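Visitor: Got a structure for you, written out below as structure tokens; questions coming shortly.
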Amino acid sequence: MALMQCHFFSETLGLSTSMHAIIPQNTTTGQIGMESRAASRRHPVLFLLHGLSDDDSIWLRRTSIERYAASLGLAVIMPQVHRSFYTDMEYGGKYWTFISEELPALARSFFPLSERREDTFVAGLSMGGYGAFKLGLRRPDLFAAAASLSGALDISGHFVSEGIEEDRRLIWGERPVAGSDDDLLALLQSLESTEGPKPKLYQYCGTEDFLYQDNLTFLAACRQTSLELTYEEGPGGHDWGLWDQYIQNVLNWLPLSQPT
């Protein structure tokens with residue numbers, strides 16, 4: 001695998017930003033304890049999203065995502081979005097437009113990534129779990145599968161966190177979230193009533209996580225739709241040890257075709 005830190009200018013945000021990228025490389029000898037595979041065509045890609053207090057380096061620092069992705073021939077793109085909740089902010093950058101439109105196009109211009117929907121996936125933890133499901137539900141034309149680990153999935157209802165009120169003001173101002181395109185529960189109903197492709201969904205949360213009730217609320221709402229959802233839970237809280245474990249489950253769950 002090749003690991004790159006990429007600094008680039010975003011026209012949408014009007015500033016320079018960064019992402020980390022893991023790109024498959026065919027290796028059969030010379031790497032101790034690891035084999036990397038790569039397709040001869042453009043690579044399937046997972047956009048992997050960070051949480052509220054993190055940045056684009058965090059998945060590399062807290063998990064073995066590079067090693068886990070190596071044998072799958074899967075590229076992993078990890079962008080920087082600060083504390084934006086992957087939203088066009090009332091008082092800040094247009095991070096929804098950046099993550100849903102500009103970033104995929106830029107990443108494909110920089111790296112040999114597949115442009116096929118069936119090769120394009122998104123996952124994230126906490127705030128990034130919310131972002132992953134929002135991308136899957138609002139852009140089903142782009143993403144074939146979306147996964148949330150300990151996601152903040154009920155933004156308009158139960159979700160509270162220490163220090164989040166100032167973020168809420170900067171992101172949404174006075175505009176209501178409930179029923180909007182930033183409300184995952186509303187997006188479930190909207191997608192259910194429309195024609196076209198539907199993403200596969202994967203959801204995990206620990207039973208001691210402060211976001212557990214949010215996850216149960218989303219689970220109940222999703223089960224009222226025809227969307228395909230794989231749900232897992234287990235003992236534990238908001239913890240990198242669990243996310244390192246369950247991102248492996250996500251990778252095994254992804255509908256990846258064999259590298260050719």
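Each value in this text was obtained by applying a stated rule to the coordinates, not by laboratory testing. Keep in mind the model is a prediction, meaning the values are calculated, not measured. Glycine gets a Cβ as well: all are built from the backbone with ideal geometry, and neighbour counts include every protein chain shown.
Visitor: Starting from the Cα of Met34, step 7 Å toward the Cβ, then list every residue of the stretch 210-253 with an amide N under 16 Å from that point.
Guide: Within reach of a label on Met34, which here means backbone N under 16 Å from a point 7 Å along Cα→Cβ, the stretch 210-253 contributes 248.
Visitor: So, one more: Just grab the label-to-label distance for Arg168 and Ala2, each label 7 Å out from Cα along the Cβ direction, in nm (one decimal).
Guide: In this crude spin-label approximation the distance works out to 4.5 nm.
Visitor: Hey, any idea what the orientation-averaged projected area of the convex hull of the stretch 2-253's Cα atoms comes to, in nm²?
Guide: Numbers: hull surface 52.7 nm².
For the Cα atoms of the stretch 2-253, the hull's average projected area reads 13.2 nm².
Visitor: What distance in nm lies between label points placed 7 Å from Cα along the C-beta direction at Ser53 and Asp244?
Guide: Using points 7 Å along Cα→Cβ, the separation is 1.8 nm.
Visitor: Let me ask something else. With a 10 Å Cβ neighbour count serving as the proxy for reagent exposure, in which order, fewest first, do Arg42, Arg139 appear?
Guide: Numbers: Arg42 15, Arg139 18.
Ascending Cβ contact count within 10 Å gives the list Arg42, Arg139.
Visitor: Label Glu232 and Thr27 with points 7 Å out from Cα along Cα→Cβ: what is the distance between them in nm?
Guide: Spacing of the two 7 Å Cα→Cβ label points: 2.7 nm.
Visitor: Quick one: grab the alpha carbon gyration tensor of the stretch 137-260, order the square roots of its eigenvalues as a ≥ b ≥ c, and give me rounded if a/c is under 1.5, else prolate or oblate depending on whether a/b is larger than b/c.
Guide: Because a/c hits 1.5 or more and a/b fails to exceed b/c, the stretch 137-260 counts as oblate.
Visitor: Taking the Cβ-Cβ separation of Arg175 and Leu219 as r and a Förster radius of 25 Å, what is the calculated FRET efficiency to the nearest 0.05? All intermediate terms of the calculation are to be shown ahead of the outcome.
Guide: On the way: r = 27 Å, r/R0 = 1.07.
Approximately 0.40, to the nearest 0.05.
Visitor: While we're on this one: Please go through the stretch 95-189 and write out the GluC sites (Glu not before Pro) that DSSP classes as loop and that have at most 12 other C-beta atoms within 10 Å.
Guide: Numbers: sites: Glu101, Glu102, Glu115, Glu118, Glu162, Glu165, Glu166, Glu174; in loops: Glu115, Glu162, Glu174.
Of the GluC sites (Glu not before Pro), the ones in loops of the stretch 95-189 whose Cβ has at most 12 other Cβ atoms within 10 Å are Glu115, Glu162, Glu174.
Visitor: Starting from 0.36 nm per residue, how many nanometres of slack lie between Arg67 and Phe210 once their C-alpha separation is accounted for?
Guide: So the chain would gain 48.5 nm between Arg67 and Phe210.
Visitor: Taking the DSSP beta bridges in the chain as the whole, what percent of them are antiparallel, to the nearest 5?
Guide: Details: 15 of 40 bridges.
So the antiparallel bridges in the chain amount to around 40 percent.
Visitor: For Ala152, list long-range residues whose amide hydrogen, built 1.01 Å from N in the peptide plane, is under 5 Å from its own amide hydrogen.
Guide: Ser126, Met127, Gly129, Tyr130
Visitor: Ordered by packing density, taken as the mean number of other Cβ atoms within 10 Å over each peptide's residues, highest first, how do 124-133, 183-192, 231-240, 46-55 rank?
Guide: 124-133, 46-55, 183-192, 231-240
Visitor: Net charge around Ile23, counting only other residues with Cβ within less than 13 Å of its Cβ (Lys, Arg = +1; Asp, Glu = -1)?
Guide: It works out to a net charge of +2.
Visitor: Quick check: from the Cα gyration tensor, does the stretch 129-209 come out rounded (a/c under 1.5), prolate or oblate?
Guide: It is oblate, given that a/c is not under 1.5 and a/b is not larger than b/c.
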